[in-house]
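What follows draws every value from the coordinates through simple rules; no lab data is involved. These numbers were taken from a predicted model, which means no experiment stands behind them. Quick reminder, even Gly has a Cβ in these numbers, built from the backbone with ideal geometry, and neighbours come from all protein chains shown.
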Amino acid sequence: MERAKKKKVMEKHGIHPKDTGSSNVQVAVLTERINQLSKHLEQNPKDDHSRRGLLGLVGKRRKHLNYLRLHKKDDYETLIKDLKLRK
């Protein structure tokens, strides 16, 4: 992901302007990367190395979302709505 896009995502979902480590920001950044890899895999279905990386990113995002769901319910619900993760 390019720096400008990543920075914009961090500013939108961060608690303060230089927030890079909170679970909200991590989920948003991982979601952007997952979306990019998904598009890549649609064009390159035999790219198993990227598929494995995608599965790792999905797992990391799941862990952050579980933390938010258990400890910060309000943040979890707003993040889910903003990123359109649930249907």
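Working from Cα positions, state the angle (0 to 90°, nearest 10) between the long axis of helix 23-43 and the longest principal axis of the chain.
Taking the Cα atoms of the chain, the angle to 23-43 is about 20 degrees.
Using only Cα atoms, find the angle between the long axis of helix 73-83 and the longest principal axis of the chain, and express it within 0 to 90 degrees, rounded to the nearest 10.
Between helix and principal axis, roughly 40 degrees.
How high is the FRET efficiency from Val58 to Lys5, r the C-beta distance, R0 25 Å, rounded to 0.05?
Working: r = 20 Å, r/R0 = 0.79.
That gives a FRET efficiency of 0.80.
Rounding to the nearest 20 debye, state how big the charge dipole of segment 3-83 is about its Cα centre with +1 on each Lys and Arg Cβ and -1 on each Asp and Glu Cβ.
200 debye
Which shape class, rounded, prolate or oblate, goes with segment 34-87 when its Cα gyration tensor gives a ≥ b ≥ c as root eigenvalues, a/c under 1.5 marks rounded, and past that a/b bigger than b/c marks prolate? Show your work: numbers first, answer last.
Numbers: a/c = 4.85, a/b = 2.12, b/c = 2.28.
It comes out oblate by the Cα gyration axes.
Do the sum for the chain: with -39,500 (n - 2.57) for every DSSP H run of n ≥ 4, divided by all residues, what is the mean residue ellipticity at 222 nm, to the nearest 500 deg cm²/dmol?
-26000 deg cm²/dmol
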